[in-house]
Ligand code: GH3
Ligand code: MG
Ligand code: MG
Ligand code: MG
């Protein structure tokens, strides 16, 4: 990134207006955006509203001093990441140590040497920017690691970890949950008839349709190929069967709208799904038992002629 001061907002806090003026001029001269507060309370309010990239905080102020302001900033989840540089006339080392304890990133004593102040401000802004970028990247990587690339729902690994969490809850708190395994019927025919690209589109649209029919707390993941699994927290067998049947019916009634890549026309494809359902019971000393039951139930649904729900 090329560093552009105009992109950064700095909150300057001091109880003496003359100090605010001097600091404001220094910062504005190199094009930083600047906002001001003249006491601790105002500083906290300004920080909340303006979300500055950095705070220059006077240490000695009446009522609420800088150390208290800093502590309050660090206790606030929304504000705690804003770097704070203390400004003070005090030469006492105790104050300096206390400021760092409260989470300050730097400390400057008055009177300021403008080039030093600007150099420190810039270093901390650059550090903050780099930190934010890293955070964004790591969040994006985390999302990638748990997402199926085609359907953009959870992948198998992540769904397994969700099922493990629900299983532990069920064991520890005597709660319950259900699993639905779902497999598209004769999907190979779709590929054979319309090609792989249409097959992919069908998978995406079916995923969206299934997601739209689930409860907020239910988690759907792609297990592989044209097979999906759904974890339903706090759903007993009766509820899970009802949800599974709702899915089956909705898909059976659904004309999947597809753009045919081989012609300009639109296709409407019909498919059905088979579903296997199971619920946690107290004899499940291993989560695996539930997955095996769900798989067997799905196998039964296929064996009985597909387009149905078994448990
Ligand atoms: P059944 O009713 O027994 O489930 O029959 P089926 O044809 O759905 O099952 P089978 O396991 O025989 O074939 C699954 C097909 O799904 C074969 C494979 O080419 C296709 N498939 C798997 N993953 C994808 C994918 O990501 N995209 C597309 N287009 N097809 C896929
Ligand atoms: Mg003061
Ligand atoms: Mg299938
Ligand atoms: Mg399959």
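In plain terms, the chain from residue 81 to residue 264 could stretch by 60.6 nm, reckoned as 0.36 nm per residue minus the Cα-Cα distance. Against the chain, whose longest principal axis is taken from its Cα atoms, helix 17-29 shows a tilt of about 60°. Could you tell me the calculated FRET efficiency between residue 134 and residue 89, based on Cβ-Cβ distance and R0 = 35 angstrom, to the nearest 0.05? Once the sixth-power term is evaluated, E becomes 0.45. Counted by neighbouring Cβ atoms within 10 Å, the residues 113, 194 run from fewest to most as 113, 194.
Once the Cα atoms are used to define both axes, helix 237-253 deviates from the longest principal axis of the chain by about 80 degrees. Between residue 114 and residue 17, the simple spin-label model (points 7 angstrom out along Cα→Cβ) gives 2.2 nm.
Straightening the chain between residue 292 and residue 161 buys 45.5 nm, computed as 0.36 nm per residue apart minus the Cα-Cα spacing.
Once C-alpha pairs closer than 8 Å and six or more residues apart are averaged by separation and normalised to the residue number of the chain, the relative contact order reads 12 percent.
Quick one: grab the alpha carbon gyration tensor of region 114-186, order the square roots of its eigenvalues as a ≥ b ≥ c, and give me rounded if a/c is under 1.5, else prolate or oblate depending on whether a/b is larger than b/c. Cα axes put region 114-186 in the oblate bin. Stretching residue 144 away from residue 29 to a fully extended chain increases their span by 37.1 nm, per 0.36 nm per residue minus the current alpha-carbon distance.
Residues of region 19-43 with an amide N closer than 16 Å to a point placed 7 Å from the Cα of residue 68 along the Cα-to-Cβ direction: 38-43. Of 152, 81, 226, which has the largest mean-square fluctuation in a 10 Å C-alpha GNM of the chain? The residue that fluctuates most here is 81. Helical content alone sets the calculated 222 nm signal of the chain at -16500 deg cm²/dmol, taking -39,500 (n - 2.57) per DSSP H segment of four or more residues and averaging over every residue. The calculated FRET efficiency for the pair residue 227 and residue 4, based on their C-beta separation and a Förster distance of 35 Å, comes to about 0.10. What is the helix-to-structure angle for 196-213, meaning the angle in degrees between its Cα long axis and the longest Cα principal axis of the chain, kept from 0 to 90 and rounded to the nearest 10? Approximately 70 degrees, to the nearest ten. Once the Cβ-Cβ distance between residue 216 and residue 168 is put in as r, and R0 is 22 Å, what FRET efficiency do you end up with, to the nearest 0.05? The pair residue 216/residue 168 has a calculated efficiency of 0.55. The Cα atoms of region 1-124 give a gyration tensor whose axes a ≥ b ≥ c have a/c under 1.5, which makes the shape rounded.
In terms of its C-alpha gyration tensor, region 86-148 has an oblate overall shape, because the principal axis ratio a/c (a ≥ b ≥ c, square roots of the eigenvalues) is not below 1.5 and a/b does not outweigh b/c. Panel order for 3, 8, 112, by other beta carbons found within 10 Å of each beta carbon, from fewest to most: 3, 112, 8.
Values quoted throughout were computed directly from the atomic coordinates according to the rules given, and no laboratory measurement underlies them. Model, not experiment: these values are computed from the prediction. Note that each Cβ is placed from the backbone with ideal geometry, even for glycine, and that neighbours are counted across all protein chains shown.
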